[in-house]
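Read the figures in this text as sums done on the coordinates, not as results from a lab. Quick caveat, the model's predicted, so the values are computed rather than measured. Cβ placement follows ideal geometry from the backbone for every residue including glycine, while neighbour counts extend to all protein chains displayed.
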Amino acid sequence: MAETYLFYDIETTGLNRAFDQVLEFAAIRTDCDLHELDRFTATIRLRPDVIPSPSAILVNRLRPEIDRGRCEVESVREIHAQMNRPETTSIGYNSIGFDDEFLRFSFHRNLLPPYTHQFANGCRRMDLLPVTIMYWLYRRGPLQWPELKGKASLKLEDIGAANGLFTGQSHDALSDVEASLRLARLLSRETDMWRRLDEGFRKDIDAQRSEELPVAFKTAAGDHKWGVLVSGEFGTRQRFQAPVIAIGYSVPFPKQSLWLRLDLPHLRLATEATVAETTWVIRKRYGEPGFLLPPTDRTLEPINRERRQHMQENLRWLESHEGEFQQISAYHRNFRYAFIPGLDADASLYQTGFLPRADEALCRAFHAAAFDRKVEIATRFSSPEARILAERILFRNYDDPLPPHLRRARDAFQRRICRKEALTDHAGNRRTTPQSALAEIRELRRSAGLNDGERRLLDDLQDHILRRFPCGAPAQQLSLL
């Protein structure tokens, strides 16, 4: 089967990957020459337990009607099938930074394999944002580059407006996909540049290129290669670039290569007790952003003189302080994320890891079964998180009469999400609660610049919250609205 690109975009109820949900998904599949083959769209019904973020609703302008679209589990199964079609390269704008992780949690929450679209059956991922950054740095010819207040803007909406990429409004899933595809076609006219960046998202080629970087110096741990890392996390002010040196691979996460930033002055203050505060390490999986470049005059030139001076001094210090360098490396190589007791099942993807093989088989049986059979299968998972997720799938998505134990589980979860003390995800980010959403609506109404349409959107959202989550809006709070 020939390789295809799947350009895609999502619109969501908010920014929390674990607790918010996709409302719209759109995709255009192309061949390797970016000729369109087919399209796929999904409109997803709002889950009964989700409180949309008011700010997100103002951006995507999607009203929280309960009856729009299909239920989440059926829609997410179709999205999963699209992204897992053999030889599919899924690609969007900032997709690895946001959309892909959002979908990964959607797959997890709906008992679908969350990672297979990244590696199985010839599938892989790309991201147009880091590709666009590389063109902005090294090959500006194909595009007009917008600036806001004297600063470059690489937002899709701004690049799209400057280059006539949109035919509809931005922050509409299909319109954004069409704009992303038009952007890719413009960039791909520089065929050598496009091919080289495309190859950077192939694990074997990316790993080989990192092996070809020059060695800064050697220690007892081996050769330490160095180069320039291009990544969106460094921002426009640092021209998206930082000099880095390899310190090895993570022990608990062996697919992560570790790269220590060399341009920060406090690196030379690092001791065994202060490594966490004085050093910055980037964790990179090969075939994923950012791009590692050899340290040549051309790639170092965008890094200002002060940062290059710190780089040179840090290289000399690391080479002459092998003991401290080993302490820095040991800390980051052995670092693992803290276990979070009581983490909610929706947010447990990274903490629980892969399901046992028997549970994976039960997931497939669960999805293929009729409702009554699903109820029975849900009790058989060995993983406690999988049992909880299976129960939630049943009371979140289906209108069939629920047995008593599922009604109790639904009501208990509804009470939990209505508490003022919000659930938190693996990164400590809070789930939107009725109280926080109503408070945000009040603040937005006080701000200047809302038009009539935006005020109506907030009115509709407030009515939805008060109707669906009365337990979360005490009388004294309602009186303030």
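Specify the angular offset, from 0 to 90 degrees and rounded to the nearest 10, of the alpha carbon long axis of helix 173-187 from the longest principal axis of the alpha carbons in the chain. Tilt relative to the chain: about 20 degrees. Selection among T132, F166, H80 by position relative to the dipole of the stretch 4-198 gives T132 as farthest towards the positive end (Cβ unit charges, Cα centre). Entry note, the chain: the mean residue ellipticity at 222 nm calculated from DSSP H runs of n ≥ 4, each adding -39500 (n - 2.57), is -12500 deg cm²/dmol after division by the residues and rounding to the nearest 500.
Check cross-link reach from K374 to the aspartates and glutamates: straight Cα distance under 18 Å, and skip same-chain residues fewer than eight apart. Those aspartates and glutamates meeting the cut-off are E72, E74, D359, E360, E385, E391, D399, D400.
Can you compute the FRET efficiency between E421 and N304 using 1/(1 + (r/R0)^6), with r the Cβ-Cβ distance and R0 = 51 Å? Round to the nearest 0.05. So the FRET efficiency works out to roughly 0.65. Hull volume per residue, based on the alpha-carbon atoms of the stretch 140-238 and their convex hull, is 154 Å³. For the stretch 203-334, the dipole from Cβ point charges (+1 on Lys and Arg, -1 on Asp and Glu) about the Cα centre works out to 280 debye, to the nearest 20. Each of A2 and A330 was given a label point 7 Å from its Cα along the Cα-to-Cβ line. The distance between the two points is 5.6 nm. Per-residue extension of 0.36 nm, minus the Cα-Cα distance of E199 and K149, leaves a gain of 14.5 nm for this segment. Backbone geometry of the stretch 416-427 corresponds, through the Karplus equation with coefficients 6.51, -1.76 and 1.60 at θ = phi - 60°, to 3J(HN,Hα) couplings of 5, 6, 8, 5, 5, 7, 6, 4, 10, 8, 4, 9 Hz, x marking Gly and Pro. By the beta-carbon count within 10 Å of each Cβ, the least crowded to most crowded order of Y93, Y249, fewest first, is Y249, Y93.
The H on the amide N of S348, modeled in the peptide plane, is under 5 Å from the matching H of no residue at least 5 residues off or on a different chain.
Order the peptides 8-17, 209-218 from the highest to the lowest mean number of other Cβ atoms within 10 Å of their residues.
8-17, 209-218
Among (i) 42, 28, 18; (ii) 38, 27, 19; (iii) 40, 27, 25, which is the computed semi-axes √(5λ) of the Cα gyration tensor in Å? Label (iii) holds the value from this structure. The charge dipole of the chain, taken about its Cα centre with unit charges on the Cβ of Lys, Arg, Asp and Glu (plus for the first two, minus for the last two), comes to roughly 800 debye.
Label-to-label distance, D411 versus L466, with points set 7 angstrom from Cα along the beta-carbon direction: 2.6 nm. Site pair C71 and T219 shows an inter-label distance of 5.5 nm when each label is modelled 7 Å from Cα along Cα→Cβ. Put in line by how crowded their Cβ is, counting other Cβ atoms within 10 Å and starting with the fewest, F339, F381, F119, F234 read F339, F119, F234, F381. Within the same chain, aspartates and glutamates fewer than 8 places from K155 are excluded, and of the rest, those with a Cα less than 18 Å from its Cα are D9, E11, D99, D100, D127, E147, D172, D176, E178, E233. Would you mind telling me the antiparallel percentage of the DSSP bridges in the stretch 4-198, rounded to 5? Of the beta bridges lying entirely in the stretch 4-198, close to 65 percent run antiparallel.
With a cut-off of 16 Å on the backbone N, the residues of the stretch 148-174 near the modelled label site 7 Å out from R185 along Cα-Cβ are 160-161, 163-168. A straight Cα-to-Cα reach below 29 Å connects K218 with the lysines K203, K255, K284, residues fewer than 8 places away in its own chain not being considered.
Amide H to amide H distances under 5 Å link N94 with L128, L129, where only residues 5 or more positions off or on other chains count and H is placed in the peptide plane.
By the count of neighbouring beta-carbon atoms within 10 Å, fewest first, W280, W226 end up ordered W280, W226.
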